[in-house]
Every structure is written in structure tokens, then in C-alpha cells.
Amino acid sequence: MLPIDAAAHSSRWRRRHPLEKAVLGVGLTVTAVCLPPWPGGPIVAAATLALLLGPAGVAGRQLWRAFRIPLGFCFTGALPLLFSVGGPAGFVAMAPDGPRHAAELLLRTSAASLGVLLFAFTTPVSDVLPRLVRAGVPAPVVDVALVMYRIGFLLLDSLARVRQAQAARLGNTGRAAAWRSVAGLAATSFVRAFDRAARLQSGLAGRGYDGTLRVLVPETALSRRFLAGTAALLASLVAVTLVLKELYL
């Protein structure tokens, strides 16, 4: 199991309805995208961090390990805005408003990424997928997603065991040995993937699979208090951002 999935299963908000957390996470993400990047980005990011580290109970180290990957993409996407190609200044030159545009994009995307992580750190995928059928998503699509989600963890576990076995047999002592280990790892993973799929098909057939995977979903009532608090929080973020924007101008 990935660390973010383990954190979602042990979250303080684990028993809350996924729709409540989706409204909060998506609302923060949309707010970060739609509001002016300054001061909207830092304000939304600060509010999201307070929720993650406070009521949601996410550990700071776990959050940083998950956030640094999208943060790297945010930096990568902002860097090209610093330069302009062609024009009187040369083939490649610094854009006149490049630093400002890059900073605005970085603030906006990083704050939006935290909103997505809020939902991911508090809601396991196994709680979301079965409920998509009630939302109108075709059952076969949900079944494929559930199976792929399960097989993904099985393959990751197999990869870890094979790599551990290769390291115990000195499979990474040199460059040539490392390349042979990578080739063996790829071949073994390919074979095991087909083997897992065949075993899964046989198991489903033996249990009378009729085209629908029936999964027990714990009944959870929507909290109007939580939704009202979410609406109040989003409205407050919008109001504070607009007021500070006017003062800043």
C-alpha cells in the first residue's frame, strides 16, 4: 500500500462521507484556480495546510513527501514563462513580465495541488469507486477501476520483493549487473502481471461473476454542519482575498 493510501485509511476523517470531503477539496482547488494568485494563492494554501495538519491529522512529513512531486511539476511548468523565444532580444531571452507570470502560476498551481491532496489524504479510493455507480457511472467502468486498483498494489508488492531478492544476490554491484537486474525485473513483472490476471479471472469465474462486482459500502450520512462549514470557509477565503486585493492595489 502506498503511504498516501495508508494515511487515507487512518485519517481522522475516514468515516466522513466522501462527498463532504470532495466538496471541500474540489472547492479549495477551484478557489485557488479562480482567485487572483496574489494574495489568493497563499491564503488558500495556508487554509488547506491548516486543515490537513489540524482536523485531518495528516503528518507533516507524509504531506511533504506527497506534495514535493506535484510541487516539482509546478516549478517545471512555471520555468518556461521566464523566457521568450524569438523577437528583437534574441532567439532566447528573458521575458519582460516572465518572473511575475511564473510566480503567479506557481502560487496558483501549488495551492490547487494542496486542495487535491486534502481529498487524497482523507478519502481512500475504495470508498469512492463503489459509490460512483450510484452517481451514474457505468458499473463495468467501476469494476475495471477496482480491479486495476487492486492489481496495481499487487504488482508493486511483487516489484519490491523481486528487487529485494536481486539486491540480496548482489544484483546491483556494477553497471552491467544493474542493467541485467532491471531487465530481469521487467520480464518477471510482465509474466507475473499476466499470471495475476489469469488467477483473478479464474477466481471470479469460480464465484459466479455475472459482470458486476458487488462491494459492501458502509452507509455514511452527509453532515449538513460540515457542508455549511465548508461553504462558510470558501466564502471567507474569497472575501478575504478580494479585500486584500483591493488594499494591495
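The values are calculated or read from the model by the stated rules, or taken from the named source; none is laboratory data. Bear in mind that the values here come from a model prediction, so they are computed numbers and not experimental data. With ideal geometry, Cβ positions are generated from the backbone for all residues, glycine too; neighbour counts draw on all protein chains shown. Protein only, heavy atoms only, side chains kept; ligands, DNA and RNA dropped before computing areas. Shrake-Rupley method; radii C 1.70, N 1.55, O 1.52, S 1.80 Å.
For the pair Arg68 and Ala232, how long in nm is the line joining their label points, each one 7 Å along Cα→Cβ?
Rounded to a tenth, the inter-label distance reads 3.8 nm.
Considering only protein heavy atoms and a 1.4 Å probe, what is the carbon-and-sulfur percentage of the accessible area of the chain? Let's see the in-between values first.
Numbers: 10340 of 15420 Å².
Ligands and nucleic acids excluded, carbon and sulfur reach 67 percent.
So what is the calculated 222 nm ellipticity per residue for the chain, using -39500 (n - 2.57) for each DSSP H run with n of 4 or more, over all residues, to the nearest 500 deg cm²/dmol?
Details: 9 runs with 180 residues, N = 249.
It lands at -25000 deg cm²/dmol.
Go through region 186-202 residue by residue and turn each phi into a ³J(HN,Hα) via Karplus (6.51, -1.76, 1.60, θ = phi - 60°); whole Hz please, and just put x for glycine and proline.
Karplus values, whole Hz, x for Gly and Pro: 5, 5, 5, 5, 4, 5, 5, 4, 5, 5, 4, 5, 5, 5, 5, 5, 5.
Using semi-axes √(5λ) of the Cα gyration tensor in Å as the read-out, say which of (i) 29, 26, 13; (ii) 39, 31, 17; (iii) 25, 23, 16 was calculated from these coordinates.
Read-out taken from this structure: (ii).
In whole Hz and in residue order, list the ³J(HN,Hα) couplings for region 102-110 that follow from phi through the Karplus curve 6.51 cos²θ - 1.76 cosθ + 1.60, θ = phi - 60°; x for Gly and Pro.
5, 5, 5, 5, 5, 5, 5, 6, 5
Could you give the nm distance between label points at Arg12 and Lys245, where each point is 7 Å from its Cα heading toward the beta carbon?
Here the answer is 3.2 nm between the modelled labels.
Measuring with a 1.4 Å probe in the full set of protein chains, what accessible area per residue, in whole Å², belongs to the chain?
On the way: 15420 Å² over 249 residues.
Per residue, the chain has an accessible area of 62 Å².
List the relative contact order of the chain as a percent without decimals, with contacts defined as Cα pairs under 8 Å and 6+ residues apart. Don't skip to the end; give the middle numbers.
On the way: 227 pairs, mean separation 79.0, N = 249.
Normalised by residue count, the contact order of the chain is 32 percent.
Once phi is turned into θ = phi - 60°, what whole-Hz ³J(HN,Hα) does the Karplus curve with 6.51, -1.76 and 1.60 give for every residue of region 37-48, x standing for Gly and Pro?
For region 37-48, the Karplus-derived couplings read x, 10, x, x, x, x, 5, 5, 5, 5, 5, 5 Hz, x marking Gly and Pro.
With springs connecting C-alpha atoms under 10 Å apart, model the chain as a Gaussian network and identify which of Thr48, Thr122, Thr76 has the largest mean-square fluctuation.
Thr76
Would you grab the residues whose amide H sits under 5 Å from the one on His17? Only those 5+ places off in sequence or on another chain, please, with H modelled 1.01 Å from N.
Ser223
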